[in-house]
Structures are given as structure tokens and as C-alpha cells.
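Only the coordinates and a few stated rules stand behind these numbers; no lab work does. Nothing here was measured: the structure is a model prediction, and the numbers come from that model. Here the Cβ positions follow ideal geometry from the backbone for every residue, glycine too, while neighbour counts run over all protein chains shown.
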Amino acid sequence: MPIGEHGPDKVFSVKEPAAPRVNRSEAEKHRQELKAYPLELPHEEEKSKMRSRLLTAVLILLFVPSAVFATSPIGLWKTIDDESGEAKSIVEIYEQDSTLYGRVIELLNPPPDNPNPVCEKCEGDRKDEPIEGMVILHGMKPDGDAWSGGAILDPENGKTYRCKLWVENGKLKIRGYVTFFYRTQEWLPVER
């Protein structure tokens, strides 16, 4: 029985294509082109600059003032006068038995004629006590992202106000309340 027109005993052979002939002058020309546009690796000086930049970026991230990222009010804060905008004092906010307190640790611009002012308008035990070292913030308990339930004393007028505080954008917000009215101060972090 015939299979196809070639028959059963015909064997097909497949010729492989011949390898392309490479002209040596073309190969040399190609090598020369590659040399003209080499893959440039950074020189040692550039490598050193890159390492230096990377190290600087890492150090900045490690040592950026923590107050920028802070959510805790614990630490040192610079109080700012509402009227003049000048720094008044440094207050240390600390935690004791899950309650926040704030103590004036330094007066920044005491009057020249009275370098150690006292709380003349305060009442009770605080009357005529030195402002420096005085606890002016007390009884603050955690309240979500804030602290509240305590009070703050204004040593200038001797009055105590209900208080709420929180950290926002690296700054401490202190809000004092009188009935329905309130006033909010912004304290700045102190790095020491």
C-alpha cells in the first residue's frame, strides 16, 4: 500500500540551516561600539558620596526630635505667653500612678527686679510660694488620645481651671475651661 507519494521506505532528512557567517571585521566593529558606550560604574568618589548621603538620611530619621512623632505629653515643654508670644517657662510633665502632673522647672524671662517670683495671687498652700518648682498641672487621667479630668493653675492670676491636654503635630495643646468657655495654649517641645 502506498503511503503518500514517496512510499513507505523513503526517509526524510531535514537539513539544519547553516550557521551565519560572521565577518570578523563586523565583530570587531561591534566590540569597538561597545567600548565607545561602556557601562559606567560609579567611581570611588561617587560611591563615597552615595554612602555619605545614605548615612545622613538614616541618622536624620534616627535622631529627628522625638517630639515630632510624639503622642505622649510626658517631657519638657516651653510655655508661650498668649499676649506677647514670648516663651515664659519650661514645664516638666511627668506621670505618677497613671496621672499626669506638670511642674515649672525654669522661668525664662523673670522680671529683673524679681528674679524669683512667687505666686502672690494664689490661695491656700500655694500663696507666696515660688513659681519655679511649683506643680501647676495635676490630676490628668488618660481620655482617649488626650488627658483630662485634672486642673491647671495660672500663677499670674492665681486661678485654677479644668483642663484637657493632647499632643498635635508635635506640640502640646493645653485647654483650660471656665464653664462653657475655654482657651487653648500651644506649648513647644524642649530638647535637652
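Between residue 95 and residue 159, the FRET efficiency estimated from the beta carbon spacing at R0 = 30 angstrom works out to 0.75.
With neighbour counts taken as other beta-carbon atoms within 10 Å, the residues 50, 140 rank, fewest first, as 50, 140. Note on region 157-176 and region 70-102: Cα centroid distance 8 Å, given to the nearest whole angstrom. Extension gain, residue 141 to residue 178: 0.36 nm times the residue separation minus the Cα-Cα distance gives 11.4 nm. If you take all other residues with their beta carbon under 14 Å from the beta carbon of residue 148, and give Lys and Arg +1 and Asp and Glu -1, the sum is +3. Arranged from fewest to most other beta-carbon atoms within 10 Å of their beta carbon, 172, 76 become 76, 172. Between residue 31 and residue 44, the modelled labels are 2.9 nm apart [label points 7 Å from Cα along Cα→Cβ]. Of the chymotrypsin sites (Phe, Trp or Tyr not before Pro) in region 68-102, the ones in a loop by DSSP (not H, G, I, E or B) with at most 12 other beta carbons within 10 Å are 69. Given their separation in residues at 0.36 nm each and the Cα-Cα distance between them, residue 114 and residue 78 gain 10.9 nm when the chain is fully extended. Sparse packing (at most 12 other Cβ atoms within 10 Å of the Cβ) combined with a DSSP loop state is found for the following chymotrypsin sites (Phe, Trp or Tyr not before Pro) in region 124-192: 180. The local environment of residue 173, defined by Cβ-Cβ distances under 9 Å, has a net charge of +1 under the rule Lys, Arg +1 and Asp, Glu -1. Seen from residue 133, the other residues with C-beta closer than 14 Å to its C-beta sum to a net charge of -4, counting Lys and Arg as +1 and Asp and Glu as -1.
Separation of the alpha carbons by more than 19 angstrom is noted, of 141/173; 78/141; 88/141; 127/173; 121/164; 127/171, for 78/141; 88/141; 127/173; 121/164; 127/171. Sparsely packed loop sites in region 89-192 (the GluC sites (Glu not before Pro) outside DSSP H, G, I, E and B with at most 15 other Cβ atoms within 10 Å) comprise 120, 123, 156, 191.
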